[in-house]
Amino acid sequence: MSGMDRFGRSLNFGATVEGNETRFKLWAPGAESVDLMIAGRAPQPMAPSDGWWSGTADVAPGTEYLFRLADGTSVPDPASRAQHGDVHGRSVVIDPRSYRWQHADWPGRPWEEVVLYELHPGLMGGYAGVADHLPKLKALGVTAVELMPIADFPGRRNWGYDGVLPFAPDAAYGTPNDLKRLIDRAHELEMMMFLDVVYNHFGPDGNYLAAYAPQFFRNDIATPWGAAIDFRRPEVRQYFTDNVLYWLMEYRFDGLRFDAVHAITEPDWLDEMAATVRRTVEPGRHVHLVLEHDGNIASHLAGDFDAQWNDDAHHVLHVLMTGETGGYYADYSDAPAVKLARVLAEGFIYQGEPSAHRAGEKRGTPSDMLPPSAFVFFLQNHDQIGNRAFGERLTTLANAEALKAAVALQLLTPQIPLIFMGEEYGSEAPFFFFTDHNPELAEAVREGRRREFAAFAAFANAGVDALPDPNAIDTFERSRPIAPDKGQGEQTFAFYRSLLELRRRYVVPGMRGARSTGAQALGDAAVIASWDLGTGQRLTIACNLGAGPVSVAPVTGDVVFASDPDITAEVAAGRLPPRATFAALGPAGAVGR
């Protein structure tokens, strides 16, 4: 269904303002009856039709409502555009056209220009706080800000992956119009806004769908978060496709990151949805679609998706910088420099090889035919910090000079970089897992975390009671990304800014049409890689994360970056010092002197 606009969409589900009336629709194939419960009015029976229930009422925006089932249970609208009283409260009628856009026709930016910055909106002061921070991020060189999930979740604090109402921006961060003001402000600054969306599960508190639409879920497949969503059903597919278009068209987000899509049981929906997006978005507008997929399936990236988060790149660099080899890092402990070279040349490390961590299961598909820009390259993100027991950042785990060398590698390759909030200041503050659940669920989460980490070496001395309580307000407050001190923070910020300026000047112009010309290991902890850029130049980067020097073939071209001025002469002499990165730009086809 389509209709409305500038900018409001007539959804297949939920409440839609149409003139002086509001239309309500609910897919409830398991319901015997449904009443529309409008605050201050008598119950209004809704009319059934093939599992759908509908009705209209002469109510204005701001009206609160619920749906009442035959057993007397009142439930919020699963397509609520806003909530009053959190996930168990009343839904609110919203006229999305009430916001007056100031930069409605901003076309976005090409994918090659993307420098992503992932943040948690609650830790940044909500939508208004993020908006206030945008000029600083623009000065850094960030071109796209990615919000962790904002779909309405229980309580005031959450990572966002416990959302249960995908169309309702959580009120803990502000109003729907506050969110639009944030996006409008970003567009004024010529910055893109991305949103992390979760379609593989609903959270454990506030999801009422099973009470009236058990067909929404499968009873034969479970995920780590509960029963799998049944993407075989057209109504389910439409619900989530509507949500994608809602964020992109009504809120004017410039891109979406799709969380853990390997847990979506019908992967063809991904390609169907992406094709719908490409048909729907206005001609000339740049909109970007990014996957997180543990399976390393390259076929989606050959279609309508722009890129995938590359966990392989993170994992192998983490092993090289920290020496940690537990858990999934075991898959990267053997010849990590060789594996890093494959990341730089081909994208994925695992392209069908067996994974020891997965008991020999083969993982991935070939990715060497994809452009470098098909991979989002990060050293840290919310998962890789926050899913550690104590939420440590690399600033507390890795050698400082090795970390700087890795940052230079990350920001100067023709892959797409992602920075996690606080990295630009060298923050040493932890990023913990945090929630604001009811007491019963909070205890279950607390005990689950203790069981998960009880066998880890970190608890040998500290004990499980040292694990931060996810539900404690202090756990949330301690996760704010503060700089270790003003001077060090300013130095780190300047380092990131200078690298991103080099990227803008020398790498971005050649991103379109860039292709790898190969990469190889230089010893146990160093690599050299090169790419022919679309500008007709060859970018070569040598990076040594080890404690000793390595031999390197002299590199042809103008120096773009060197960790230290003396490195240029050393590289010319065939030696790459420890914990250093060197980058040069020369004519395509040049290998060395």
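What does the charge count near GLU282 come to, summing +1 for each Lys or Arg and -1 for each Asp or Glu among other residues with Cβ under 14 Å from its Cβ?
Counting the neighbours of GLU282, the net charge comes to +2.
Could you look at the chain and say what percent of its accessible area is carbon and sulfur, using a 1.4 Å probe and all protein chains?
Within the chain, the accessible surface is 49 percent carbon and sulfur.
Roughly how tilted is helix 311-322, in degrees to the nearest 10 and between 0 and 90, from the longest Cα axis of the chain?
So the inclination is approximately 50 degrees.
Farthest toward the dipole's positive end in the range 209-337, which of LEU289, THR325, THR276, given Cβ charges of +1 (Lys, Arg) and -1 (Asp, Glu) about the Cα centre?
THR276
Quick check on the range 257-315: what does the Kirkwood estimate of hydrodynamic radius come out to from the alpha carbon pairs, in Å?
Computed over the range 257-315, the radius equals 12.1 Å.
Could you give me D for the range 422-547, from Stokes-Einstein at 25 °C and 0.890 mPa s, where the hydrodynamic radius is the Kirkwood radius over C-alpha pairs? Units µm² s⁻¹, please.
129
State the extension gain, in nm to one decimal, for the chain segment bounded by ALA335 and ALA104, taking 0.36 nm per residue of separation less the distance between their alpha-carbons.
Here the answer is 78.1 nm.
How much length would be gained if the chain were fully extended between GLU353 and ALA553, taking 0.36 nm per residue of separation minus their Cα-Cα distance, in nm to one decimal?
Full extension from GLU353 to ALA553 adds 69.0 nm.
What list of ³J(HN,Hα) couplings, whole Hz, do you get for the range 399-409 from phi and the Karplus terms 6.51, -1.76, 1.60, once you set θ to phi - 60° and write x for glycine and proline?
In residue order, the calculated couplings are 4, 4, 6, 5, 5, 4, 5, 5, 4, 4, 4 Hz.
Equivalent-ellipsoid semi-axes (√(5λ), Cα gyration tensor) for the range 474-593, whole Å, largest first?
Equivalent ellipsoid of the range 474-593: 29, 19, 14 Å, largest first.
Given the pairs LYS339/LYS404; LYS138/LYS339; LYS138/LYS404, which span a C-alpha to C-alpha distance of over 31 angstrom in this model?
Over 31 Å apart, Cα to Cα: LYS138/LYS339.
Convex hull over the Cα atoms of the range 132-268, averaged projected area in nm²?
Orientation-averaged projected area of the Cα hull: 9.0 nm².
Express in Å², to the nearest 10, the accessible area of GLU282 obtained by rolling a 1.4 Å probe over the protein heavy atoms while all chains stay in place.
It works out to around 60 Å².
Where the convex hull is taken over the Cα atoms of the range 32-177, what is its projected area averaged over directions, in nm²?
For the Cα atoms of the range 32-177, the hull's average projected area reads 11.5 nm².
Which one, (1) 24.5, 75; (2) 24.9, 85; (3) 26.1, 82, gives Rg and Dmax of the Cα atoms in Å as derived from the coordinates shown?
(2)
How long is the gain from ARG285 to ASP474 if the chain were fully straight, where each residue apart is worth 0.36 nm and the alpha carbon distance is subtracted?
Between ARG285 and ASP474, full extension yields an extra 63.8 nm.
Cα centroids of the range 261-340 and the range 434-449: how far apart, whole angstrom?
Answer, in whole Å: 30.
Round to the nearest 10 and report in Å² the accessible area of ARG480, as given by a 1.4 Å probe over the protein chains' heavy atoms.
Result for ARG480: roughly 70 Å² accessible.
If R₀ is 45 angstrom, what is the calculated FRET efficiency for the pair ASP58 and MET369, using the beta carbon separation as r and rounding to 0.05?
Working from the Cβ atoms, E equals 0.20.
In what order, largest first, do ARG503, ARG233, ARG23, ARG279 sit by accessible area if the probe radius is 1.4 Å?
Ranked from most to least accessible, the order is ARG279, ARG233, ARG23, ARG503.
Between ASN387, ALA335, ALA302, whose Cα lies farthest towards the positive end of the dipole of the range 278-404 when Lys and Arg beta carbons carry +1 and Asp and Glu beta carbons carry -1, centred on the Cα centre?
ALA302
Suppose the Debye formula is applied to equal point scatterers at every Cα of the range 1-105; what is log10 I(q)/I(0) at q = 0.14, 0.15, 0.21 Å⁻¹?
The computed values of log10 I(q)/I(0) come out as -0.53, -0.60, -1.12.
State in Å² the accessible area per residue of the chain; use a 1.4 Å probe, count heavy atoms of protein chains only, and round to the nearest integer.
Counting only protein heavy atoms, the per-residue value for the chain is 37 Å².
Under the rule of at least 5 residues apart or a separate chain, name every residue whose amide H is placed under 5 Å from the amide H of TRP159.
PHE434
The values are calculated or read from the model by the stated rules, or taken from the named source; none is laboratory data. None of the values given here were measured: they were computed from a predicted structure. Backbone-built Cβ (ideal geometry, glycine too); neighbour counts: all protein chains shown. Ligands, DNA and RNA are excluded from the accessible area calculation, which covers all protein heavy atoms including side chains. Shrake-Rupley method; radii C 1.70, N 1.55, O 1.52, S 1.80 Å.
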